[in-house]
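Below is one structure, written out as structure tokens; comments come after it.
The values are calculated or read from the model by the stated rules, or taken from the named source; none is laboratory data. Source: prediction; values computed, not measured. Methodologically, a virtual Cβ is constructed for each residue, glycine included, from the backbone with ideal geometry; neighbour enumeration extends over all protein chains shown.
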Amino acid sequence: MLRDRPAGSAAMLAIFADEALLRGGLAFEAALAEAQAAEGLIPDTDAAAIAAACRNLAPDIAALAEEAAHAGTLAIPLVGRLRAALKEAHPQAAAAVHRGATSQDLADTALMLQARSGLEVLVVEAIRLETALAALSERHAVTPGLARTLLQGALPISFGLKTAGWLTGVHGARMRLQREAGTALMLQLGGAAGTLAGMGEAETALAVARRMADALGLGLPATPWHARRGAIAALGAALAILAGAAGKMARDVSLLAQNEVAEAFEPRLPGRGGSSAMAHKRNPTGCQVALSAALRAPGLAATLLAGLPQEHERGLGGWQAEGPVLADLFILAHGAVLAMAEVAEGLEVDCLAMARNLAAADVGMDTGASALLVQRALAAWRGALGEG
């Protein structure tokens, strides 16, 4: 927590915590049993007993983690504990647990359940950031300032056009993330070799998968995606791009807050942005969070891309690397967006400083089509938000 909490939110850390992963694995097993019962593969009484055991199972997380490390997968000790819980009172149900499924089915589906919850939280904060940036853009649509290119003073620009650029970047990244999530958030059910063997006739097996997807609120892919990881990689890349969009805003705000520029500052909050050694300093702490996330995210996304050449029907090492990487990307992206939402909502803009710096540059006052471009950006954002 001392390492992870400063980079992310408590809400996102909880979504990717051990307890949430365990709940996802148990939800998979309960849905599997209930779907198989609905298709006549196991008795209804067995499915009810399995579902009850999934609701009531509360293993020691540390002990389960040790067993998973030894076994090489969470599914083996988790299924073992479920069977042990059922063995005495429901021996037939114990034998029916995990029928036809494989360890990767449980792992991938549990991860997608976590990703779905993470997406819901992240989208809310991204829209919050966009809303704050839209307000800033409207407020400063004609506020003149100095544009900077290649880190040098250039020509006049309205501050609203700068913030509209931030808005457009964050909005585009958020929309990309939601599109990729629509492709990635899929049930994984294929069995040992991705053929759905062990679940009755072909149509029955497909019906089980369909029922499971509906019950868990996930999409149903055309075929199992055990070794087809492009959607996961694209989701991770979209998270990295969102972190980068927040980082772009953070970079600009931190530069604007430098003493020599002094045009915009993070909001003053008690106990935030100080220095342990220099009491006079006002550090851009929110920008620090976002920039740190933007620095870490590309390497994490690259890990997912590196895992795309999976071996045959189920690979070794590639998909096993994805869970912690995707979790980190969600945590970092949310931390960055949340930090910049707080900055945007309380951003202190010094219009007099902007005017001073613009006059000192001696490049005139013509901001070109800044105001019109701001209105176009706002209209596009509002239109997309309404459609969403």
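If A243 satisfies every condition in (1) surrounded by fewer than 19 Cβ atoms within 10 Å (Cβ to Cβ); (2) assigned by TED's automatic domain parsing to the domain that holds R314 but one, which is the exception?
Result: A243 fails condition (1) only.
Please go through region 1-22 and pick out each residue that is of a type in the set (D, E) and closer than 22 Å to G286 by Cβ. First the steps, then the outcome.
We begin by selecting, within region 1-22, every residue of a type in the set (D, E); these are 4, 18-19.
Within region 1-22, D4 is the sole residue that qualifies.
Just for region 267-291: of the residues that are at pLDDT 60 or above, over 26 Å from the mean Cα position of the chain (by Cα) and of a type in the set (D, E, K, R), which one is surrounded by the fewest Cβ atoms within 10 Å (Cβ to Cβ)?
The selected residue is R268.
Can you tell me which condition G217 does not meet? The list is (1) within 22 Å of the chain's Cα centre (by Cα); (2) in the same structural domain as R116 (by TED's automatic domain parsing), and all the others hold.
Going through (1) within 22 Å of the chain's Cα centre (by Cα); (2) in the same structural domain as R116 (by TED's automatic domain parsing) one by one, G217 breaks only (2).
Residues checked against (1) under 22 Å from E120 (Cα atoms); (2) outside the structural domain of G118 (by TED's automatic domain parsing); (3) part of a helix (DSSP H, G or I):
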site: L2; (1), (2), (3): no, yes, no
site: F28; (1), (2), (3): yes, yes, yes
site: L32; (1), (2), (3): no, yes, yes
site: A37; (1), (2), (3): no, yes, yes
site: L41; (1), (2), (3): no, yes, no
site: I50; (1), (2), (3): no, yes, yes
site: C54; (1), (2), (3): no, yes, yes
site: A63; (1), (2), (3): no, yes, yes
site: E66; (1), (2), (3): no, yes, yes
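Scan E66, E130 and give me the residue that is surrounded by fewer than 16 Cβ atoms within 10 Å (Cβ to Cβ), more than 28 Å from V208 (Cα to Cα) and out of contact with any strand residue (DSSP E or B) (no Cβ under 7 Å at 6 or more places or on another chain).
Criteria check complete, one pass: E66.
Within region 21-32, does at least one residue satisfy the condition of being at pLDDT 95 or above and in contact with a Gly (Cβ under 6 Å, 6 or more places away or on another chain)?
no
Scanning for something among the basic types (K, R), assigned to a loop (DSSP other than H, G, I, E, B), modelled with pLDDT of 95 or more and over 20 Å from the mean Cα position of the chain (by Cα), does region 310-318 turn up at least one residue?
yes
Would you mind finding the one in A154, A147, A141 that is more than 29 Å from G315 (Cβ to Cβ), part of a loop (DSSP other than H, G, I, E, B), touching a strand residue (DSSP E or B) at 6+ places or on another chain (Cβ under 9 Å) and in the same structural domain as R314 (by TED's automatic domain parsing)?
A141 is the lone residue from the list that is more than 29 Å from G315 (Cβ to Cβ), part of a loop (DSSP other than H, G, I, E, B), touching a strand residue (DSSP E or B) at 6+ places or on another chain (Cβ under 9 Å) and in the same structural domain as R314 (by TED's automatic domain parsing).
Report whether or not V121 is β-branched (V, I, T), buried (at least 24 other Cβ atoms within 10 Å of the Cβ) and modelled with pLDDT of 95 or more. Full working, then the answer.
Working: β-branched (V, I, T): yes; buried (at least 24 other Cβ atoms within 10 Å of the Cβ): no; modelled with pLDDT of 95 or more: yes.
Criteria not met by V121.
If you scan region 358-370, which residues turn out to be surrounded by 14 or more Cβ atoms within 10 Å (Cβ to Cβ) and within 39 Å of the chain's Cα centre (by Cα)?
Looking only at region 358-370, we keep the residues that are surrounded by 14 or more Cβ atoms within 10 Å (Cβ to Cβ), and these are 358, 361, 363, 367, 370.
Of everything in region 358-370, those that are surrounded by 14 or more Cβ atoms within 10 Å (Cβ to Cβ) and within 39 Å of the chain's Cα centre (by Cα) turn out to be T367, S370.
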